[in-house]
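Below is one structure, written out as structure tokens; comments come after it.
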Amino acid sequence: MDIHDITTETRTLETLEQAAEKLKETDSDMIREWLNGLVPELLGFALQILMAVVLYAVGSRVIKLARKFLRRWLKKADADTGVRQFLDALLKYFLYFVLIILILTLFGVTAASVVAVIGSAGLALGLALQGSLSNFAGGVLILLLKPFKVGDFIKEDTHGNEGIVDEISIFYTRLLTADQKTVVIPNGVLANSSLTNVTYCDRRRIDMEIGIAYEADLKLAKEILKQQAESERCRLQEEEALVFVSELGASEVKLGLRIWVKTEDYWTAKWRLTENIKLAFDENQIEIPYQKIDVQMKEHF
């Protein structure tokens, strides 16, 4: 290798080193510029997050105060408990919807764009929320027509659900059964099916049928029933206690008994009356027929 070649290679290495240094300087400048541009964006996004958290906290507090004011106002207006629960839930969902839109505006989403999206997707949302809209409409009908109210005992005939009405919300009604189970029924089901409101009136009639044997003393049995009916302490005294022969059955004479009591005393009075009638019949040898089988055996010679 001659001196000329060595000189050429040396110059080439110097050129490459200079190019590498310039590349490093260029990369460093680009990274520095990118970081300088990224920091304000991160600070701005962090500020938006902070403002959204503050807005949500303040908005939630305002919503609670608004709901509290509404409940107080409805209570002073002596509104029905179901109406208070329904309007309270409606106000809650509406205000939280408004709060979410306000939070989205912090991130550049305008209310007009949200409304436009909802409007364009209205058909799809309507189909997707068809059941929920039906339940909402059912809740409105329940509050307007008042087939029942909070505290009533109802029986839903379609599926056999029954219990005390504990809450009437926007989309569903909650029942509390006798054994403290919670039954949630969509409002649309209750609004579009038959039901029985057991406690709609403030009094109920106890209807009982008691069978006695044909061999028993009919007049004595009627006197005993009359005495037990009139001595029931929950009976409404202004209403007559009725005792009558309701049917001549295949193996018994059926006697009917009717008395009126307050709705809240119905089961207590019925259970006590049933027990007292059984004890009185036993004391006076009045036979109550029951299913039995007589077996006869014949001897064949």
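The values are calculated or read from the model by the stated rules, or taken from the named source; none is laboratory data. Keep in mind it's a predicted model, so treat the numbers as computed, not measured. All Cβ positions, glycine included, derive from the backbone under ideal geometry; neighbour counts span all protein chains shown. To get the accessible areas, we keep the full protein, side chains included, count just its heavy atoms, and leave off ligands, DNA and RNA. Shrake-Rupley method; radii C 1.70, N 1.55, O 1.52, S 1.80 Å.
Surface listing: Thr81, Thr268 arranged by accessible area from highest to lowest gives Thr268, Thr81, probe 1.4 Å. With a Förster radius of 25 Å applied to the C-beta separation of Thr105 and Lys64, the computed FRET efficiency comes to 0.70.
For Tyr290, Tyr172, give me the order by solvent-accessible area with a 1.4 Å probe, most accessible first, ignoring ligands, DNA and RNA. Could you put the intermediate results ahead of the total?
Numbers: Tyr290 155, Tyr172 80 Å².
Largest to smallest exposure gives the sequence Tyr290, Tyr172.
Rounded if a/c is under 1.5, else prolate if a/b beats b/c, else oblate: with a ≥ b ≥ c from the C-alpha gyration tensor eigenvalues square-rooted, which is segment 184-255?
Oblate shape, in that a/c is at least 1.5 and b/c is the bigger or equal ratio.
The charge dipole of segment 125-276, taken about the Cα centre with unit charges on the Cβ atoms of Lys, Arg (+1) and Asp, Glu (-1), comes to about 340 debye, rounded to the nearest 20. Nonpolar atom fraction for segment 128-238, defined as the carbon and sulfur part of the 1.4 Å probe accessible area, stands at 52 percent. Sequentially through segment 230-239, phi angles give Karplus couplings (6.51, -1.76, 1.60; θ = phi - 60°) of 6, 8, 5, 6, 8, 5, 6, 5, 6, 9 Hz, Gly and Pro residues having no value and appearing as x.
Going by accessible area, probe 1.4 Å, with all protein chains left in place, what is the ranking of Phe94, Phe281, largest first? Show your work: numbers first, answer last.
Details: Phe94 120, Phe281 0 Å².
If we order Phe94, Phe281 from most to least accessible, we get Phe94, Phe281.
Placing unit charges on the Cβ atoms of the charged side chains and taking the dipole of segment 135-179 about its Cα centre, the candidate lying farthest along the positive direction among Val165, Ile142, Leu175 is Ile142. Computed 3J(HN,Hα) for segment 84-92, one whole-Hz value per residue from the Karplus formula 6.51 cos²θ - 1.76 cosθ + 1.60 where θ = phi - 60°, is 5, 5, 5, 5, 5, 5, 5, 5, 4, glycine and proline marked x. Less than 5 angstrom separates the built amide H of Leu255 from those of Ile210, Gly211, Ile212, Ser246, all sequence-distant by 5 or more or on a different chain. Between the amide H of Ile286 and any residue lying 5 or more places away or on another chain, no distance stays under 5 Å, with hydrogens modeled in the peptide plane.
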